[in-house]
Amino acid sequence: MNQRNRGARSRRDRDERPRSEFDQKTLQVRRVTRVTSGGKRFNISIVLAIGNHRGSVGIGTGKGLDTALALDKALKSAKKNLLLIPVTKTMSIPHRVESKYGSAEVLIMPAPRRGNIAGSAMRSIFNLAGLKDINSKILSGSKNKLNIARATIEALRKLKPVKK
């Protein structure tokens, strides 16, 4: 047995990992600083959204000493917070809904044959969920992407299933 590679994964093995069924989009990457008596300590904070383009979406946050660690934590957090959205046959939402999270207020409405009209983190969440024909508005003055994303998820959670 090769002594050097015992128990270690080679680059070839790492590339052959099974692909996740979820696509991901990084909404925000921040380098935060903690000042201690020994100097400045840097951490990375990441907000990540995942979705399968078939009605499932989730957001998560991760913090770590480097970007890769924070990204792994954010991905694990997003998978824990997955939400299945009740959609219509046209992959839109069934009715108008409003939500508030922190200071972020959002309004989401179905807009038949208009495409996705959304800004900021909302557009990414709708695309990852596979939603189409949605008009949305950020009612508050908040520019905080995490709070906007969480308000969007809360609004999507309030949706009632389509009656057949």
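So which residues in the stretch 122-154 are over 14 Å from the mean Cα position of the chain (by Cα) and outside any loop (DSSP other than H, G, I, E, B), if there are any at all?
Ile134, Asn135, Ser136, Lys137, Ile138, listed by residue number.
From the residues in the stretch 125-146 that are surrounded by 21 or more Cβ atoms within 10 Å (Cβ to Cβ) and not β-branched (Val, Ile, Thr), which one is farthest from Ser20 (Cα to Cα)?
This residue is Ser136.
Before we move on, is Ser99 modelled with pLDDT of 95 or more, surrounded by 13 or more Cβ atoms within 10 Å (Cβ to Cβ) and not assigned by TED's automatic domain parsing to the domain that holds Gly141? Break it down stepwise before answering.
Details: modelled with pLDDT of 95 or more: yes; surrounded by 13 or more Cβ atoms within 10 Å (Cβ to Cβ): yes; not assigned by TED's automatic domain parsing to the domain that holds Gly141: no.
It is false that Ser99 is modelled with pLDDT of 95 or more, surrounded by 13 or more Cβ atoms within 10 Å (Cβ to Cβ) and not assigned by TED's automatic domain parsing to the domain that holds Gly141.
Is at least one residue of the stretch 59-72 hydroxyl-bearing (Ser, Thr, Tyr) and under 12 Å from the mean Cα position of the chain (by Cα)?
yes
The values are calculated or read from the model by the stated rules, or taken from the named source; none is laboratory data. Keep in mind that this is a model prediction, so the values were computed, not measured. Note: ideal-geometry Cβ built from the backbone for every residue, glycine included; neighbour counts use all protein chains shown.
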